[in-house]
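Contents: one structure, followed by commentary.
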Amino acid sequence: MIRIELRCRVDNLCDYTFNFCWHNRQFDPDAQVPYQNDTEYTYRNLADALKTSTEVHIKGDVGKRLAQGMGADIRHLGGTGGIGIGTTSRIFVDGDVGAEAGLGMVAGAVYVSGMVEEPLGNIIEVHSDVAGYRKFVSITDLLCNHLPEVPVSGSLDSEKLRLVLNDGILRGTLCTRCDCPVDVLVEGDAHNGTGLLMRQGTVTVTGDAGMNTGAHLNGGTVVVCGVTGEFAGAYMKCGVLLVGGGMGYAGADMNGGAIYSRRKIATSPPAEKTRITCADMSLIRKLVSASRFESIRYSKYEVGTSGKYVSVPMRDGSLVMRRVD
């Protein structure tokens, strides 16, 4: 067991992704966690402990993005991209937790004695088995692995893998890495990254969704009745993203799949508008209960065939797709 006491809030604790940069500051996983009392643990120490199912107990309030990617075997760190070892890992926080806890989380449990700020990540509160703590588990884990947990809010049908979220809580990265035929309905809005890295299943959002909706989608279906934020469908490989409209550019570095939008949206190469077919319109009617007339009004976007594109590295390290004539 690891015990750590904090004098001030610290972001990115127990982060399986060690994701690169926050506010233009490089995140070093081997740096010591600041504001510790009488211990010298690094960020990596905490994540590695959890991967061996060693409990991590934190005394004090915790900052943003606690347990990001918890349970995932991250591909850019040499993993498989699926769920890794240490799936029974547990984090205990004696204090409050900042926003976006459990982003991309696919396994394990987080116990909190205090408050958890919204938006949440891919987690839902369930009835706790430890007195004095609220318990949160991954929505992906809850549905795909038939966890014997009872959600505090919403409606769960374990046999049909169906979950209705109607508690008004804003959540991001819903159903991340899901590889089973789930059916999740969000009655309201969703935060960033809905359907991130999904391989199977359907997520329907009756309201709006944030940035990176359907990013890296690899076989699932994401439906947003309202408007999505920027970078919807970025890096899509397979699957369906259906939206009412979108902000910014959609389909950046798209490799496959299809984006449907009721309102015209701007796209990034190689995504471009293509002809909508009768099969497309049938799918739209099925997903959003649209009439035949309404389905005709949708536009379809997919990887274009009108030209070739190359990746051009920019000074800030990002890549821009440019057409080669």
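Applying the selection to region 123-143, what residues are assigned to a loop (DSSP other than H, G, I, E, B) and free of Cβ contacts under 8 Å to residues at least 40 places away in the same chain? Correct list: H127, S128, D129, V130, A131, G132. D30 falls short on exactly one of the conditions (1) loosely packed, with under 13 Cβ neighbours inside 10 Å; (2) without any contact (Cβ under 8 Å) to a residue 12 or more places away in the chain, and that condition is (2). From the list D183, D129, the one residue that fits, being under 30 Å from E302 (Cβ atoms) and surrounded by fewer than 18 Cβ atoms within 10 Å (Cβ to Cβ), is D183.
Among residues of region 47-66 being assigned to a loop (DSSP other than H, G, I, E, B) and not polar (S, T, N, Q), the one that is surrounded by the fewest Cβ atoms within 10 Å (Cβ to Cβ) is E55.
Condition check ((1) surrounded by 14 or more Cβ atoms within 10 Å (Cβ to Cβ); (2) over 16 Å from D61 (Cβ atoms)) across all residues:
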site	(1), (2)
I74	yes, yes
G81	yes, yes
A99	yes, no
A109	yes, yes
M115	no, no
N122	yes, yes
L147	yes, yes
L156	yes, yes
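Scanning for something outside the structural domain of G193 (by TED's automatic domain parsing) and modelled with pLDDT of 95 or more, does region 76-91 turn up at least one residue? Yes, because at least one residue in region 76-91 is outside the structural domain of G193 (by TED's automatic domain parsing) and modelled with pLDDT of 95 or more. The criterion of at least 3 residues that are out of contact with any helix residue (DSSP H, G or I) (no Cβ under 9 Å at 6 or more places or on another chain) and buried (at least 20 other Cβ atoms within 10 Å of the Cβ) is met, among strands (runs of 3 or more DSSP E) falling completely within region 213-304, by 218-228, 238-246. Of the residues in region 109-136, how many are over 19 Å from L185 (Cβ atoms) and either at pLDDT below 95 or hydrophobic (A, V, I, L, M, F, W, C) (or both)? Here the count works out to 8.
Out of H191, H146, I need the residue that is within 21 Å of M70 (Cβ to Cβ) and either modelled with pLDDT of 95 or more or not in a loop (DSSP other than H, G, I, E, B) (or both). Which one? Walk me through how you get there before you give the answer.
Values: H146 fails: either modelled with pLDDT of 95 or more or not in a loop (DSSP other than H, G, I, E, B) (or both).
One residue alone meets the criteria, H191.
Residue count for region 33-79, restricted to those that are among the basic types (K, R) and either touching a residue at least 40 places away in the same chain (Cβ under 8 Å) or farther than 22 Å from A109 by Cβ (or both): 4.
The values are calculated or read from the model by the stated rules, or taken from the named source; none is laboratory data. In this text the structure is predicted, and so the values were computed from the model without any measurement. With ideal geometry, Cβ positions are generated from the backbone for all residues, glycine too; neighbour counts draw on all protein chains shown.
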